[in-house]
Amino acid sequence: MHRLAGSIAIDDLLAAMKSTRAVFHSEADFQHHLAWQAHLLDPQLQVRLEFRPDAGIRESVDVMLVRPDLGMATFIELKYLKAAWSGLVSSEQFDLPNTGAHDIVRYDVIKDIERLERFVDGRPFSNGLLLCLTNDSLHWREPIGMRATIAEAFRIHEGSRVHGIRQWDQRAGAGTTRGRTSPLNLRGQYGLHWLPYSRIDNGRTGEFRILAVAVEAGSR
């Protein structure tokens with residue numbers, strides 16, 4: 001079983017998060033809640049936010065969990081892909097805006113997996129975890145007809161498998177790919193499975209699911 005910093009099972013962390021928060025205002029809110037629940041599950045964990053794993057490189061990881069006594073560390077990347085929703089949850093008002101274009105944010109999801117592979121590379125006592133939370137069912141539903149698109153390589157729906165080089169179709173325009181032109185190279189193979197997270201109402205955007213992708217040091 002994939003454990004975080006050699007201590008916490010992923011399923012236990014997700015259960016603790018789901019039992020206390022059904023929805024988040026922002027990715028930073030999501031990040032803080034994960035860090036807090038991890039600390040509650042194991043007070044011996046060292047929890048760091050926006051940590052730079054490599055000195056001299058301006059690249060940080062959303063959350064790092066460390067158990068120095070076990071010699072284990074876990075790097076965690078988070079994505080919160082929102083569809084518009086407004087309402088009260090446990091007497092708290094939430095106003096969620098749309099995150100943005102699906103192809104762009106899916107590129108970023110795959111890029112986070114690539115980044116986690118890089119973070120754990122050369123660190124045999126570490127692992128990585130991508131958590132992607134969304135109330136937009138277009139991310140987890142298999143497209144009808146599976147018509148090829150310019151972002152075909154970045155599909156993340158239920159049952160997808162991602163590996164190898166992922167890049168834009170040659171038809172993609174500069175406006176779409178701006179800032180995201182580099183092909184992504186995954187050395188591991190990952191099956192994508194979306195888990196139930198919460199339901200805050202019966203509307204189209206009232207259901208949340210979460211994608212958990214474990215990255216082991218041997219993935220590269």
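The values are calculated or read from the model by the stated rules, or taken from the named source; none is laboratory data. Note that the structure is a prediction, hence the values are computed from the model and not measured. Cβ: placed from backbone, ideal geometry, glycine included. Neighbour counts: every protein chain shown. For the accessible areas, the whole protein counts, side chains as well, though only heavy atoms, and no ligand, DNA or RNA atoms are used. Shrake-Rupley method; radii C 1.70, N 1.55, O 1.52, S 1.80 Å.
The set of residues in region 32-62 that are in a helix (DSSP H, G or I) and open to solvent by 40 Å² or more (accessible area, probe 1.4 Å) comprises HIS32, TRP36, HIS39, LEU40, LEU41.
Out of the residues in region 177-205 that are among the polar types (S, T, N, Q) and either part of a loop (DSSP other than H, G, I, E, B) or open to solvent by 40 Å² or more (accessible area, probe 1.4 Å) (or both), state the one that is modelled with the lowest pLDDT.
Our first condition is that a residue be among the polar types (S, T, N, Q); within region 177-205, this holds for 177, 181-182, 185, 189, 198, 202, 205.
Next cut, either part of a loop (DSSP other than H, G, I, E, B) or open to solvent by 40 Å² or more (accessible area, probe 1.4 Å) (or both) only: 181-182, 185, 189, 202, 205.
On the way: THR181: 73, SER182: 86, ASN185: 94, GLN189: 95, ASN202: 96, THR205: 97.
By that ranking, first place goes to THR181.
Sort through GLU59, GLU92 and tell me the only one that's modelled with pLDDT under 95 and of a type outside the set (Gly, Ala, Ser). Every option except GLU59 fails the conditions. Scan region 33-45 and tell me whether some residue there is in contact with a helix residue (DSSP H, G or I) (Cβ under 9 Å, 6 or more places away or on another chain), farther than 25 Å from SER198 by Cα and of a type outside the set (Lys, Arg). Scanning region 33-45, I find at least one residue that is in contact with a helix residue (DSSP H, G or I) (Cβ under 9 Å, 6 or more places away or on another chain), farther than 25 Å from SER198 by Cα and of a type outside the set (Lys, Arg), so the answer is yes.
In the set VAL109, VAL105, only one residue is surrounded by 18 or more Cβ atoms within 10 Å (Cβ to Cβ), under 20 Å from the mean Cα position of the chain (by Cα) and modelled with pLDDT of 95 or more; that residue is VAL109.
Kindly provide the set of residues from region 1-48 that are farther than 30 Å from GLY87 by Cβ and among the aliphatic types (A, V, I, L, M), ordered by number.
At the first step, the residues of region 1-48 found to be farther than 30 Å from GLY87 by Cβ are 1-9, 42-48.
Across region 1-48, the qualifying residues are MET1, LEU4, ALA5, ILE8, ALA9, LEU45, VAL47.
The set of residues in region 1-11 that are open to solvent by less than 30 Å² (accessible area, probe 1.4 Å) and either without any contact (Cβ under 8 Å) to a residue 24 or more places away in the chain or among the basic types (Lys, Arg) (or both) contains only ALA9. Candidates LEU78, LEU88: the one that is open to solvent by less than 10 Å² (accessible area, probe 1.4 Å) and of a type outside the set (Gly, Ala, Ser) is LEU78.
Residues that are in contact (Cβ under 8 Å) with a residue 12 or more places away in the chain, of a type outside the set (Asp, Glu) and surrounded by fewer than 19 Cβ atoms within 10 Å (Cβ to Cβ) within region 22-31 comprise ALA22, HIS25, SER26, listed in sequence order. Annotation note: of ARG141, ARG171, the sole residue that is open to solvent by 40 Å² or more (accessible area, probe 1.4 Å) and either within 28 Å of TRP85 (Cα to Cα) or at pLDDT 95 or above (or both) is ARG141.
Could you run through region 206-220 and say how many residues are over 15 Å from VAL109 (Cβ atoms), surrounded by 18 or more Cβ atoms within 10 Å (Cβ to Cβ) and at pLDDT 90 or above? Quick ask: steps written out before the conclusion?
Kept after step one, since they are over 15 Å from VAL109 (Cβ atoms), are these residues of region 206-220: 206-208, 216-220.
Next cut, surrounded by 18 or more Cβ atoms within 10 Å (Cβ to Cβ) only: 207-208, 219.
Add one more test, that the residue is at pLDDT 90 or above, and what stays is 207-208.
Result for region 206-220: 2.
Within region 144-166, the residues that satisfy the criterion of being surrounded by fewer than 17 Cβ atoms within 10 Å (Cβ to Cβ) and at pLDDT below 85 are ILE144, GLY145, MET146, ARG147, ALA148, THR149, ILE150, GLU152. Quick one: in region 12-21, of everything that is open to solvent by less than 60 Å² (accessible area, probe 1.4 Å) and touching a residue at least 12 places away in the same chain (Cβ under 8 Å), which residue is farthest from PHE94 (Cα to Cα)? This residue is LEU13.
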